[in-house]
Amino acid sequence: MNIVQSSFIQFLKLGNIPNHVGVIMDGNRCRRYAKQRKMEPTDGHIQGYQSFLNLLQWSQKLGIKEISVFAFSIENYNRQNDEVVFLMELMKQKMHHLQHDLNFIDKNQVKIKCCGDLDILKDQELKSKLLELENYSSKYSQYKLNICFSYNFTNELEKAIQSMPKGLTKKEFFLQMNSYLMVPNSPILLRTSGETRLSNFLLYQIRENTVIHFIDKKWPELSFLDFCNMILFYRKNKI
């Protein structure tokens, strides 16, 4: 982070900061990003990973304690098989990179939670790595990173209802719902690429006071200025 960025961070710290940010990263637009630049489609996803790392760094510098990223939807299993296989391999590589090459977890004391239905994940090696990462990082609590992989809210809600005690009153049901969901409520949701849909992501956690920030840039193009604008947009629109 350069001097100018550090100065902006210090300025933003003078105001209200969200404690949790939900992010829809738009993997489809990573491919379009690559196509527009005459790159291999896989290169778009790799650049998207760099945007993910940037977001984590900026958020930590600002003091945002929790990030939830929509990394892979259950609906994504319907994509072409070669792309699904590539995304699984990329996920394994980047999780290894986070833990070992960057030493991200230990250095920042990040607790990682894998939010999704891993039982339908066919790649058993990836499933093991995700669970291993979650278990390894469980000792930390300084920051939280929720990786929503093999996830959609319909599935999350179904599993929450199955886990809840039977015979609850309507009031008890809604009072207890949050504790059975995988991801907590989010005061702000960011979606890139000009899409204005929620795509079955955190539908219960996005409440009447959640600020939803849509931007036109594709996910790999996310800049530090876009990040700062998101925080300012949150302050302007926070109820």
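Remark: spin-label model distance I46-S7 equals 3.5 nm, labels positioned 7 Å along the Cα→Cβ axis.
About its Cα centre, the range 103-239 has a charge dipole of approximately 460 debye under the convention of +1 per Lys or Arg Cβ and -1 per Asp or Glu Cβ, with nothing else charged.
Projecting the Cα atoms of Q142, M88, W219 onto the dipole axis of the chain, where Lys and Arg carry +1 and Asp and Glu carry -1 at the beta carbon, places Q142 farthest toward the positive end. Each of (i) -0.30, -0.70, -1.45, -1.61; (ii) -0.52, -0.77, -1.20, -1.33; (iii) -0.42, -0.82, -1.24, -1.32 is a candidate for log10 I(q)/I(0) by the Debye sum over Cα atoms at q = 0.08, 0.12, 0.17, 0.18 Å⁻¹; the one calculated from this structure is (i). Excluding ligands, DNA and RNA, the accessible surface per residue across the chain is 51 Å² with a 1.4 Å probe. Surface composition of the range 170-239: carbon plus sulfur atoms hold 55% of the accessible area, using a 1.4 angstrom probe and ignoring ligands, DNA and RNA.
Beyond 18 Å in Cα-Cα separation lie the following of the pairs K65/K217; K13/K217; K92/K127; K113/K159; K92/K218; K171/K238: K65/K217; K13/K217; K92/K218; K171/K238. As a rough guide to protection, the peptides 82-91, 162-171 ranked by mean Cβ packing within 10 Å, highest first, stand as 82-91, 162-171.
Going by accessible surface with a 1.4 Å probe and the largest first, C114, C148 read C114, C148. With the whole protein complex present, Y151 retains an accessible surface near 0 Å², based on a 1.4 Å probe. Near I112, once Lys and Arg are set to +1 and Asp and Glu to -1 for all other residues with Cβ below 14 Å from its Cβ, the sum equals +4. Label sites at L14 and E221, each approximated as a point 7 angstrom past Cα along Cα to Cβ, lie 3.1 nm apart. Extension gain for the segment Q162 to E208, taken as residue separation times 0.36 nm less the Cα-Cα distance, is 14.0 nm to one decimal.
Taken along its three principal axes, the alpha carbon spread of the range 142-198 comes to 44, 31, 22 Å, from the longest extent down to the shortest.
Summarising the label geometry, the points placed 7 Å from Cα in the beta-carbon direction at K170 and S138 lie 3.8 nm from one another. Here the accessible area of the range 80-133 is 47 percent carbon and sulfur, with a 1.4 angstrom probe and all protein chains present. Estimated purely from DSSP H runs of n ≥ 4, each contributing -39500 (n - 2.57), the mean residue ellipticity at 222 nm for the chain is -15000 deg cm²/dmol once divided by its residues.
The values are calculated or read from the model by the stated rules, or taken from the named source; none is laboratory data. Keep in mind the model is a prediction, meaning the values are calculated, not measured. Using ideal geometry, Cβ is built from the backbone for each residue, glycine included, and neighbour counts are taken over all protein chains shown. In case anyone asks, the SASA skips ligands and DNA or RNA and just uses the protein heavy atoms, side chains included. Shrake-Rupley method; radii C 1.70, N 1.55, O 1.52, S 1.80 Å.
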